[in-house]
C-alpha cells in the first residue's frame, strides 16, 4: 500500500524557518518524481515545488523561489522541503505528492499544517 | 502562468443526479488536464488524468472529456460519498496550476 507521511509542520514566526519531511513507502521512491503542494485555509491548491527522481532537476513556484529548497534522500525514501524567510502568506497545509508519469499527482500525503504568525 | 477557471464554484444536487463541472484553461493545454476530489480535512484524490483516463480504483460513474481549453467532469448518478470539492489541474506546463474548486453539496 502506498503511503506518504508528512511531518515537521508547526507554528513559526515571520522570518523563521521550518523543514518539512515526507516519508514514502509502498512504491519505488527512487524512481518517482515528487512534488510539494500547499493549500491555504479555505483556499485552493497551489503547486510549489517539483524534484526529479534522480535529484537532478527541480522547479519552484515564483512565490517561494529563493526561500524554499526541495531535496530528497532516496536511500531513506524521504522528501524534504526547507522553508526559510517564512511569511504570513505561507500559512497552509503542505502536502507531498507523487507524480503520475502521464500527468497529475497520483498519491498524496495527509498534509502537515504550517502556521506563520507572530 | 496558465489560469484555470472552474464553473460553477458550487452546486447543490441530489443523490442520483447527473453532475457536470467545467474547467477552462487560459490557453490550449492539449489533454494535460487532471481532476481531483477532496473531502473536508483530507488530501485530494486523483480521479481523472489526461482529460479522460480514469485513475485506478475510481468508480466508472466519474468521467472526463475535453481538449484544448475546455474540459468537463461528469458524475453520472451522484452517490452520498461524492459530496466533496472537485479541483481541475493542468499539467501542460510549469507551474502546474489548479482551478479554484467546485463544491458539490447536498440539495
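Below is a table of values for the structure above.
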quantity: Fraction of alpha-carbon pairs over 11 Å apart in segment A:26-68 - percent; calculated: 69
quantity: Taking all pairs of distinct alpha-carbon atoms in the protein assembly as shown, Kirkwood radius in angstrom; calculated: 17.9
quantity: Sequence-separation-based contact order of chain A, relative, with Cα cut under 8 Å and 6+ spacing, percent; calculated: 35
quantity: Difference of contour (0.36 nm per residue) and Cα-Cα distance, residue A:54 to residue A:76; calculated: 6.6 nm
quantity: Size-normalised alpha-carbon gyration radius of segment B:66-107, reference 2.2 N^0.38 Å; calculated: 1.39
quantity: Per principal axis, descending, Cα span of segment B:1-60 in whole Å; calculated: 35, 27, 25
quantity: Taking only Cα atoms of chain B, radius of gyration then Dmax in Å; calculated: 12.8, 38
quantity: Cα→Cβ-extended label distance, 7 Å offset, between residue B:30 and residue B:60, nm; calculated: 2.9
quantity: Extended-chain gain in nm, criterion 0.36 nm per residue less alpha-carbon gap, residue B:79 and residue B:105; calculated: 8.2 nm
quantity: Listed residues B:67, B:93, B:14, most fluctuating in chain B (Gaussian network, C-alpha, under 10 Å); calculated: B:93
quantity: Angstrom value of the Kirkwood radius, inverse mean 1/r, which spans all Cα pairs in chain A; calculated: 14.1
quantity: Inter-label distance, nm, simple model (7 Å from Cα along the C-beta direction), residue A:19/residue B:67; calculated: 4.7
quantity: Choice from A:91, A:28, A:69 showing the highest fluctuation, given a GNM over chain A with Cα pairs closer than 10 Å; calculated: A:28
quantity: Cα-based equivalent ellipsoid, segment A:48-104: semi-axes from gyration tensor eigenvalues, Å; calculated: 21, 13, 11
quantity: Descending semi-axes in Å of segment A:1-55, equivalent ellipsoid built from Cα gyration tensor; calculated: 24, 14, 13
quantity: Estimated distance in nm for a label pair at residue B:52 and residue A:69, the labels positioned 7 Å out from Cα along Cα-to-Cβ; calculated: 4.6
quantity: Stretch gain in nm, segment residue A:118-residue A:102, where the contour uses 0.36 nm per residue and the Cα spacing is subtracted; calculated: 1.6 nm
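Any read-out appearing in this document is the output of simple, stated calculations on the displayed coordinates, not a laboratory observation. What you see is a predicted model; the values in this text were computed from it and never measured. FYI the Cβ positions are ideal-geometry reconstructions off the backbone, even for glycines, and counts take in every protein chain you see.
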